[in-house]
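S.K.: Before I ask anything, here is the structure I am working with.
The values are calculated or read from the model by the stated rules, or taken from the named source; none is laboratory data. Being a predicted model, the structure only gives us computed values, none of them experimental. Cβ placement follows ideal geometry from the backbone for every residue including glycine, while neighbour counts extend to all protein chains displayed. Keep in mind that these areas ignore ligands, DNA and RNA; they rest on the heavy atoms of the full protein, side chains included. Shrake-Rupley method; radii C 1.70, N 1.55, O 1.52, S 1.80 Å.
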Amino acid sequence: MTPDHAPTDTACDIFCAVIDNFGDIGVCWRLARQLASEHGWQVRIFVDDLRAFHALCADVDPALARQEAAGVVIEHWHEPAHAGQTLQIADVVIEAFACELPPVYVAAMAQRGRKPVWINLDYLSAEDWVADFHLRPSPHPHHPLSKTFFFPGLGAGTGGVLKERTLDAEQLAFDRDAWWREHVGRSVPPKESTVVSMFAYENPAIDGLLAQWRDARSPVVLLVPEGRISGALARFFGLPHFGAGSAAERGSLCAHALGFVEQPRFDALLWAADVNFVRGEDSFVRAQWAKKPFVWHIYPQADDAHLPKLDAALAHYASGLPHAARDAVSRFWHTWNGAGSPDWEDFWRHRPALERRASKWASELASVGDLAGNLAEFAKSQLK
Ligand code: TRH
């Protein structure tokens, strides 16, 4: 990646502990690349799971303690107390998702003449309280340090979500025909087909949905990146597995399994489809930038703590829809997240309204500002 900003002397360390899946490293890696390429920062990222990282960036070698990719220094955070090959304290220190910084690093931060800007980057939530807590400081109990909570969000007063400066232009330049030939080995399906991309966790609602697509009046072409939902596809088609390169047909449904691609190439899948099923945090955000109808499989939490977050996201995104479409989206998202059986027709008959809303919503969301830009601006104001 060529930086579009001259290097500055702002050094930034990002600490990322991978809990599971790809979202933690997905968000941190995207942020790291943006801060390096768009803001010219000297970024170093500490990651405890280089295998997950390797899936998003093939240049990352899981065997190396320290390496560089896309202009970012990568340190294998092999144990919680490890603070890198050299103990060097950055100007901006980002602990992602409340992971704990190495104590020796915190102690050295406290010793530093000019104290670093210490940010706890939280998970994305569209809930209203987020704007009240965004940028709140939290003094350290023992050291002369204060950390600031930085909350991503979908509404005014929050940190926003990540969006690269070049993203819209890349989407405009996207060659859909070429993508289909390269990634699916066939040409773009005819207009009367509906193309669905499916990135989801295991989901009991998938069987019913696949049956509805099989029995649909017009063709449905399903694109499934290899992953946690692949087993359900294999069962449905009576195959031993549904790995990358597999394809199967039943009635109106034709499904293709795709390989997991590097992170900068993931957006193209969303651009290639008519409607996107996404999950977690980062793919959920990308689906919004893709300006297409989408369905969110939210990361499930204990005691259904995720459900208010699902409703909060709906309140933002679906508020601009006509009533009937809004209700249908809400029903469909809830059933996809465990509350009964999804009804595809009930959802997809609102396609024109959903398509109109998708573009409008992307501009509303863009007005909150890009998270990397918002974070850089805040840090700069503190570093003065
Ligand atoms: O993988 P996720 O489910 O991630 C998470 C984690 O579970 C995390 O612990 C949790 O806190 C968080 O969700 C809310 O979903 P997410 O966030 O969409 O991350 C997936 C990443 O994988 C995203 O950056 C896109 C990327 N990706 C690729 O790079 N290539 C691919 O082919 C695909 C399918 C995804």
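S.K.: Checking the structure you have, find out if any residue of region 286-298 is out of contact with any helix residue (DSSP H, G or I) (no Cβ under 8 Å at 6 or more places or on another chain) and of a type outside the set (K, R).
M.R.: No, because not a single residue in region 286-298 is out of contact with any helix residue (DSSP H, G or I) (no Cβ under 8 Å at 6 or more places or on another chain) and of a type outside the set (K, R).
S.K.: Further, regarding this structure: In the same structural domain as A244 (by TED's automatic domain parsing), more than 18 Å from the chain's Cα centre (by Cα), β-branched (V, I, T) and buried (at least 19 other Cβ atoms within 10 Å of the Cβ), is that true of V188?
M.R.: no
S.K.: Hey, another quick one. Counting only residues that are touching an Asp or Glu at 6+ places or on another chain (Cβ under 9 Å) and assigned to a loop (DSSP other than H, G, I, E, B), which one in region 330-384 is nearest to T194 (Cα to Cα)?
M.R.: Out of the qualifying residues, it is G338.
S.K.: Any residue in region 304-326 that is surrounded by 19 or more Cβ atoms within 10 Å (Cβ to Cβ), aliphatic (A, V, I, L, M) and within 30 Å of V60 (Cβ to Cβ)?
M.R.: Looking for residues that are surrounded by 19 or more Cβ atoms within 10 Å (Cβ to Cβ), aliphatic (A, V, I, L, M) and within 30 Å of V60 (Cβ to Cβ), one finds none in region 304-326, hence no.
S.K.: Can you say whether W296 is assigned to a strand (DSSP E or B), within 27 Å of L253 (Cβ to Cβ) and assigned by TED's automatic domain parsing to the domain that holds D177, as far as the supplied structure shows?
M.R.: Yes; evaluated as a whole, the condition is true for this residue.
S.K.: Do you know which of the residues in region 230-248 that are more than 16 Å from the ligand (Cβ to nearest atom) and either closer than 21 Å to E182 by Cβ or outside the structural domain of A200 (by TED's automatic domain parsing) (or both) is most open to solvent (accessible area, probe 1.4 Å)?
M.R.: Out of the qualifying residues, it is A247.
S.K.: Which helices (runs of 4 or more DSSP H) does region 61-178 wholly contain that include 3 or more residues that are modelled with pLDDT of 95 or more and buried (at least 19 other Cβ atoms within 10 Å of the Cβ)?
M.R.: Ranges flagged: 103-111.
The rows are residues; the columns are (1) within 8 Å of the ligand (Cβ to nearest atom); (2) at pLDDT 95 or above; (3) small (G, A, S); (4) more than 21 Å from F151 (Cβ to Cβ).
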| residue | (1), (2), (3), (4) |
| --- | --- |
| V18 | yes, yes, no, no |
| G26 | yes, yes, yes, no |
| W29 | yes, yes, no, no |
| A32 | no, yes, yes, no |
| H39 | no, yes, no, no |
| Q42 | no, yes, no, yes |
| F46 | no, yes, no, yes |
| R51 | no, yes, no, yes |
| L56 | yes, yes, no, yes |
